[in-house]
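Quick notes on the structure that follows.
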Amino acid sequence: MLNYLWAGMILVGIFYGFLTGNIENVSNVILESAKEAINLCITMLGVMGVWVGLMKIAENAGMIRYLTRVLMPFAKFMFPRIEKDSKAMEYMCTNMAANLFGLGWAATPAGLKAMEELSKLRQDLVGSEETSKIASNEMCIFLIINISSLQLIPVNIIAYRSQYNSVNPSGIIMPALIATFVSTLVAVIFCKIMDRKGIV
Amino acid sequence: MHILVMVSNMVIPAVVFSIVLMGILDKQDVYSDFIKGAQEGFQTVRKIMPTLVGLMMGVGILRASGFLDMLAELVTPLVVRIGFPAELLTLAIVKLFSSSAATGVVLDIFKEYGPDSYIGMIASIMMSCTETIFYTMSVYFLAAKVTKTRWTLIGALLSTLAGVAASVLVVNFF
């Protein structure tokens, strides 16, 4: 995906710049942007160092385990047909908990495990190869909730904002939370409607 | 926006306070945990560094050539009626496919308009409340060996649309 996207940006950009007489700007920007990217990374080093450091403390103090328990009622509401102490439920809650704190490296493995578990449950239920290639309601719900993005603190964006001299880089936390809440709420409502329509 | 910004300023100190407190109460070696984590954080940045160089160059070329402005002008009639800045349409679309490419676009917006501008604020919020739909779907469904994804895409798109609309509204109303 990114292969063609990136090549497209470069080829179209240079060609278009040549046509419109902006080729001098294009020439300057090629090396300028590299310098800028590295400057940005220096800011990022500080922010990510602090954030991931804090998250390590939280992880070792059992925060994800604790949050997983906190999220259980929500998970039971979203996945009424999945057993409460099943592996699938545990992985899904861990994935959501890790996503809340922007811990992508902890979220993805748990998320993939959750999908595998959901797939096993489906195979036990339907048994046939053919049907197990069709997503279950739970898979759809889990992914939609996951994609609706539950992040509490958008650390990366805050870092980028501070690099570009924002007066208040973290000022977006609350507005972003509201927007995230709206997108997740819409996701929940949509999933509940579709789930009622029936199971395949 | 003022109250929201004020509350926002409390969030990070509150989170830092509770994490350190939680660690100490749990009798953890919080300092060495922090150092270990910081090390991992550096690794993460080191890993995204080449990506950022590549993508900022790509978006930079598109911007300098005037192509992005042309694109924005092209889509303006489509979105101006609902009060959505044309520059952000590019961002919303790119974000569906690739998070890092979207980062390139956001940084370009910050550079052009500033992170605290109207467009800069919406872009910041949009980035925080949307997810790369196609990437996430393909990776997750691959793990479950599923090929028919039923209503996942439409639900994800709907939720993303709601997030984008909410980003614009929240900046307009506060």
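Of the numbered criteria (1) buried (at least 20 other Cβ atoms within 10 Å of the Cβ); (2) in contact (Cβ under 8 Å) with a residue 12 or more places away in the chain, the one residue B:128 fails is (2). The number of residues in region B:121-160 being small (Gly, Ala, Ser) and more than 7 Å from every other protein chain (Cβ to nearest Cβ) comes to 2.
Would you confirm, using the coordinates I've provided, whether residue B:91 is more than 7 Å from every other protein chain (Cβ to nearest Cβ), among the hydrophobic types (A, V, I, L, M, F, W, C), part of a helix (DSSP H, G or I) and open to solvent by less than 50 Å² (accessible area, probe 1.4 Å)? Judged against the criteria, residue B:91 is a match. Taking region A:39-62 as the range and being within 7 Å of chain B (Cβ to nearest Cβ) and touching a residue at least 24 places away in the same chain (Cβ under 8 Å) as the test, the residues that pass are A:40, A:44, A:48, A:51, A:55, A:58. Cβ separations smaller than 7 Å between residues 6+ apart or across chains give no pair from region B:145-156 residues that are touching a residue at least 12 places away in the same chain (Cβ under 8 Å) to residues that are in a helix (DSSP H, G or I) and surrounded by fewer than 19 Cβ atoms within 10 Å (Cβ to Cβ). Answer with yes or no whether residue B:162 is crowded, with 21+ Cβ neighbours inside 10 Å and among the hydrophobic types (A, V, I, L, M, F, W, C). Criteria met by residue B:162. Just so you know, in region B:1-26 the residues that are in contact (Cβ under 8 Å) with a residue 60 or more places away in the chain and open to solvent by 70 Å² or more (accessible area, probe 1.4 Å) include one that is nearest to residue A:61 (Cα to Cα), and it is B:3. Step by step: first the residues of region B:27-84, then only those that are outside any helix (DSSP H, G or I) and either open to solvent by less than 30 Å² (accessible area, probe 1.4 Å) or in contact with a helix residue (DSSP H, G or I) (Cβ under 9 Å, 6 or more places away or on another chain) (or both), then the one that is nearest to the other protein chains (Cβ to nearest Cβ). Which residue is that? Per the criteria, the residue is B:65. Apart from one condition, residue A:133 fits all of (1) open to solvent by 10 Å² or more (accessible area, probe 1.4 Å); (2) under 30 Å from residue A:60 (Cα atoms); (3) among the basic types (Lys, Arg); the exception is (2). Suppose the filter is in contact (Cβ under 8 Å) with a residue 12 or more places away in the chain, open to solvent by 10 Å² or more (accessible area, probe 1.4 Å) and out of contact with any His (no Cβ under 9 Å at 6 or more places or on another chain); does residue A:128 pass it? It is false that residue A:128 is in contact (Cβ under 8 Å) with a residue 12 or more places away in the chain, open to solvent by 10 Å² or more (accessible area, probe 1.4 Å) and out of contact with any His (no Cβ under 9 Å at 6 or more places or on another chain). Can you give me the number of residues within region A:154-191 that are surrounded by fewer than 21 Cβ atoms within 10 Å (Cβ to Cβ), touching a residue at least 40 places away in the same chain (Cβ under 8 Å) and among the β-branched types (Val, Ile, Thr)? So the answer is 1. Of everything in region B:108-119, what is part of a helix (DSSP H, G or I) and more than 8 Å from every other protein chain (Cβ to nearest Cβ)? Give them in sequence order. Within region B:108-119, B:108, B:109, B:112, B:113, B:118, B:119 meet the criteria. Inside region A:131-153, residues that are more than 7 Å from chain B (Cβ to nearest Cβ), of a type outside the set (S, T, N, Q) and either within 12 Å of residue B:141 (Cβ to Cβ) or touching a residue at least 60 places away in the same chain (Cβ under 8 Å) (or both) make up a count of 3.
Give me the residue from region A:39-85 that is of a type in the set (D, E, K, R) and buried (at least 21 other Cβ atoms within 10 Å of the Cβ) and, out of that set, modelled with the highest pLDDT. Applying the filter and picking the extreme gives A:56. Just to be sure, is residue A:36 surrounded by fewer than 21 Cβ atoms within 10 Å (Cβ to Cβ), of a type in the set (Asp, Glu), under 30 Å from residue B:59 (Cα atoms) and over 17 Å from the mean Cα position of the chain (by Cα)? Considered against the rule, which asks whether it is surrounded by fewer than 21 Cβ atoms within 10 Å (Cβ to Cβ), of a type in the set (Asp, Glu), under 30 Å from residue B:59 (Cα atoms) and over 17 Å from the mean Cα position of the chain (by Cα), residue A:36 comes out as yes.
The values are calculated or read from the model by the stated rules, or taken from the named source; none is laboratory data. Computed from a prediction, not measured in an experiment: that's the story for all the values here. In this analysis, Cβ positions are derived from the backbone assuming ideal geometry, glycine residues included, and neighbour counts consider all displayed protein chains. Surface accessibility is based on the protein's heavy atoms, side chains included, excluding ligands, DNA and RNA. Shrake-Rupley method; radii C 1.70, N 1.55, O 1.52, S 1.80 Å.
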